[in-house]
Amino acid sequence: MKVAPTAIADVRLVEPRVFEDARGFFFESWNARTLAAQGLDAAFVQDNHSRSVRHVLRGLHYQVQHAQGKLVRVVAGEVFDVAVDLRRRSATFGRHVAVTLSAGDRRMLWIPPGFAHGFLVLSEAAEFLYKTTDYWYPEHERTLLWNDPALGIAWPVTQPILAPKDAVGTPLASAEVYPA
């Protein structure tokens, strides 16, 4: 596996080594020892799997307590994936990383605790799998407004399909954020 920094160094793009032939393919999607040697050291407690149809946007979600690190990947389809730095003291506070992830490229994105996360489905449907470093606590979940101009995210769709909570997310200027 190869771990590469993105525009925000703490957010990492993980490219697995894929063994592929006429029978199919094989790759390690997580290897604690290999990834820790490259600076990605995480202990996961929960796996989540979602399926969404084209133009569904899920996010931008985060937990104010029990902040979650996430290792995300697409197992069917393609998504536009976004991580927003909400660490108040960070030099990259309010900035984001956006990458396209697909089942075909098999890349993964590591999003450390302290970031809001969301994705937009680009294909007919997509199945999204992610590991988290802490459990989901609905009472601590917050939603950052997906189209807040202060974030400057160039979403590839202007009118996505949103859950009610995502449609009324909080703008960055008034959002609860992380102190560190």
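The values are calculated or read from the model by the stated rules, or taken from the named source; none is laboratory data. Just so you know, these numbers come straight off a predicted model, no measurement behind them. Methodologically, a virtual Cβ is constructed for each residue, glycine included, from the backbone with ideal geometry; neighbour enumeration extends over all protein chains shown.
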The residue from ALA98, ALA91 that alone is surrounded by fewer than 22 Cβ atoms within 10 Å (Cβ to Cβ), without any contact (Cβ under 8 Å) to a residue 24 or more places away in the chain, out of contact with any Leu (no Cβ under 6 Å at 6 or more places or on another chain) and not polar (S, T, N, Q) is ALA91
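Conditions tested, residue by residue: (1) touching a residue at least 60 places away in the same chain (Cβ under 8 Å); (2) within 26 Å of PRO149 (Cβ to Cβ).
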{"position": "ASN31", "(1), (2)": "no, no"}
{"position": "GLN38", "(1), (2)": "no, no"}
{"position": "PHE44", "(1), (2)": "yes, no"}
{"position": "HIS55", "(1), (2)": "yes, yes"}
{"position": "ALA67", "(1), (2)": "yes, yes"}
Filtering the stretch 19-41 for residues that are surrounded by 12 or more Cβ atoms within 10 Å (Cβ to Cβ) and at pLDDT 95 or above leaves a count of 0
Among (1) more than 17 Å from VAL74 (Cβ to Cβ); (2) of a type in the set (A, V, I, L, M, F, W, C); (3) modelled with pLDDT of 90 or more, LEU13 falls short only on (1)
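May I ask you to list the residues in the stretch 31-55 that are under 16 Å from the mean Cα position of the chain (by Cα) and within 21 Å of GLY104 (Cβ to Cβ)? Full working, then the answer.
Filtering the stretch 31-55 down to residues under 16 Å from the mean Cα position of the chain (by Cα) leaves 40, 42, 44, 46-52.
Listed by number, the residues that qualify are HIS49, SER50, ARG51, SER52.
Would you confirm, using the coordinates I've provided, whether VAL82 is closer than 15 Å to LEU13 by Cβ, of a type in the set (A, V, I, L, M, F, W, C) and surrounded by 21 or more Cβ atoms within 10 Å (Cβ to Cβ)? Full working, then the answer.
Values: closer than 15 Å to LEU13 by Cβ: yes; of a type in the set (A, V, I, L, M, F, W, C): yes; surrounded by 21 or more Cβ atoms within 10 Å (Cβ to Cβ): yes.
For VAL82, the condition - closer than 15 Å to LEU13 by Cβ, of a type in the set (A, V, I, L, M, F, W, C) and surrounded by 21 or more Cβ atoms within 10 Å (Cβ to Cβ) - is met.
Go through the residues of the stretch 129-140 one by one and say whether even a single one is over 22 Å from GLN46 (Cα atoms), at pLDDT 95 or above and surrounded by 15 or more Cβ atoms within 10 Å (Cβ to Cβ). Steps first, please.
Taking the stretch 129-140 first, the residues over 22 Å from GLN46 (Cα atoms) are none.
No, the conditions are met nowhere in the stretch 129-140.
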Evaluate the following for LEU122: is it out of contact with any His (no Cβ under 6 Å at 6 or more places or on another chain), closer than 20 Å to GLN68 by Cα, modelled with pLDDT of 95 or more and crowded, with 17+ Cβ neighbours inside 10 Å?
no
Output for Cβ contacts, cut-off 7 Å, separation at least six or different chains, first residue part of a helix (DSSP H, G or I) in the stretch 153-179, second among the charged types (D, E, K, R) and buried (at least 18 other Cβ atoms within 10 Å of the Cβ), reads ASP166/ARG58; LEU172/ASP148
Counting only residues in the stretch 141-180 that are polar (S, T, N, Q) and surrounded by 14 or more Cβ atoms within 10 Å (Cβ to Cβ), the one nearest to the chain's Cα centre (by Cα) is identified as THR143
Wholly inside the stretch 97-143, strands (runs of 3 or more DSSP E) that include 3 or more residues that are closer than 24 Å to ALA36 by Cβ are 108-111, 125-132
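Tell me the residue from VAL74, VAL97, VAL84 that is within 14 Å of the chain's Cα centre (by Cα) and under 24 Å from PRO138 (Cβ atoms), please. Explain how you work it out, then say what you get.
On the way: VAL74 fails: under 24 Å from PRO138 (Cβ atoms); VAL97 fails: under 24 Å from PRO138 (Cβ atoms).
Sole residue among the options that is within 14 Å of the chain's Cα centre (by Cα) and under 24 Å from PRO138 (Cβ atoms): VAL84.
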